[in-house]
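Worksheet: the structure to be examined is printed underneath.
Bear in mind these aren't lab numbers, they're just calculated from the coordinates by the rules spelled out. All values derive from a computational prediction rather than experimental measurement. Here Cβ is always computed from backbone atoms with ideal geometry, including for glycine, and neighbour counts include all displayed protein chains.
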Amino acid sequence: MPPNEELPQGEEKAVAVEQMFDQIAPRYDFVNRLMTFRMDVGWRRRAVRALKLPQDAKVLDLACGTGDFCNDLLRSGLDPVGLDFSAGMLEAAGTDAPLVRADALRLPVLTGSVDGATCGFALRNLTELTPFFEELSRVLKPGGRIALLDVAQPSNPLLRIGHRVYFGKVVPRIGGLISDRNAYKYLPKSVEYLPPPEDLLSELKAAGFSDANRTLFSGGITQLFLGTLDR
Ligand SMILES: C[S@@+](CC[C@H](N)C(=O)[O-])C[C@H]1O[C@@H](n2cnc3c(N)ncnc32)[C@H](O)[C@@H]1O
C-alpha cells in the first residue's frame, strides 16, 4: 500500500490492495488473531451458523484470503470453494477446500449455481460494492444465502473512542512491528471506504436480498450482513 495518506480509488486501489495482501500474507493469520484477541474465529463461526444451509450445500467464500472461512464451512459439513485475487494469500492458505484465483467482481462461476456465499473482512477492500452484490445475486440459486462480515464502528461513545485508539493507533504499531507498516496503517483508514450500514442494506435489497439484515458482534466492532436471494 502506498505510504501516502490518500486512499486510492478504482484500478489503483485494486492493484494496491492485491500487492498489499501478497506482501502481508505470510504473517496475516498470526497478526489477525493477535489484533482481534482471536475474536475473528468466533465471528466467522457465527456467520457460518447463521447461513442455516443444509449439509453439502455449495458455498463460495469470496476474498477467502488464507481460508479461515473455508475451514469453518468444511467443519459445518458444507462444500466450500475459496476465491481470492491475491496469489500470496492463496499460497499462504491452509485449507482442504479448493481455491481459485479470481476477482470477486467478475466471478468465474455459472449463473444460479451455488447455495450460499460468505465474505470476510473484504467489503472495504473491494473497489465497488454494487457490482459485487450483483455478482452474488447472479451466482446464487433462488433462496441462496449470504453472510458478509466486516469491521464496524461501535455506536456507544466510550467504546467508539476506545476502538478508535486501538484500531487507529495500537493495531498499526503491532502490525508494523510484526508485518508491514504501511499495510497496517491502511487497515484502520480503509474503514472509510465502507458506506453507512443503511446504504449497504438498501443495496443488498436492490440486488435481490429483500430480507437483508445486519447483526453486530462484540459491542459493535464487527457487523454481519445476512440475506436470502428471493429471485
Ligand atoms: C482482510 S482480508 C480477509 C481474508 C479472509 N476473508 C478472512 O476472513 O480473513 C481481505 C481479502 O480480500 C481479498 N480481495 C480484495 N479485493 C478482492 C477482489 N476484488 N477479488 C478477490 N479478492 C479480493 C484480498 O486479497 C484479501 O485476501
Taking 0.36 nm per residue of separation between Val100 and Leu177 and subtracting their Cα-Cα distance, the length gained on full extension comes to 24.6 nm
Which of Gly82, Gly144, Gly176 fluctuates most in a GNM of the chain (C-alpha springs under 10 Å)? That residue is Gly176
For the chain, the count of lysine pairs 8 or more apart or interchain whose alpha-carbon atoms are under 23 Å apart comes to 10
For segment 146-231, the dipole about the Cα centre with charges only on Cβ (Lys and Arg +1, Asp and Glu -1), to the nearest 20 debye, works out at 500
The computed P(r) of segment 159-230 puts the percent of Cα pairs beyond 18 Å at 53
Across Lys141, Lys58, Lys169, the residue with the highest GNM fluctuation in the chain (Cα network, 10 Å cutoff) is Lys169
Ignoring GluC sites (Glu not before Pro) buried by more than 10 other Cβ within 10 Å or outside DSSP loops, the longest site-free run in the chain is 7-231
Comparing Val139, Val41, Val151 in a Gaussian network model of the chain (Cα, 10 Å), the one with the largest mean-square fluctuation is Val41
Distance in nm between Asp211 and Asp56 label points, each 7 Å along Cα→Cβ, equals 2.4
Over all pairs of different Cα atoms in segment 41-103, the reciprocal of the mean inverse distance gives a Kirkwood radius in Å of 11.5
At the level of C-alpha centres, the distance separating segment 1-75 and segment 116-168, in angstrom, is 11
Taking every alpha carbon pair in the chain and sorting the distances into 5 angstrom bins from 0 up to the bin holding the longest one, the percent per bin comes out as 1, 7, 15, 19, 21, 18, 12, 5, 1, 0
Extension length gain for Arg27 and Arg45 (0.36 nm per residue less Cα distance), in nm, is 4.3 nm
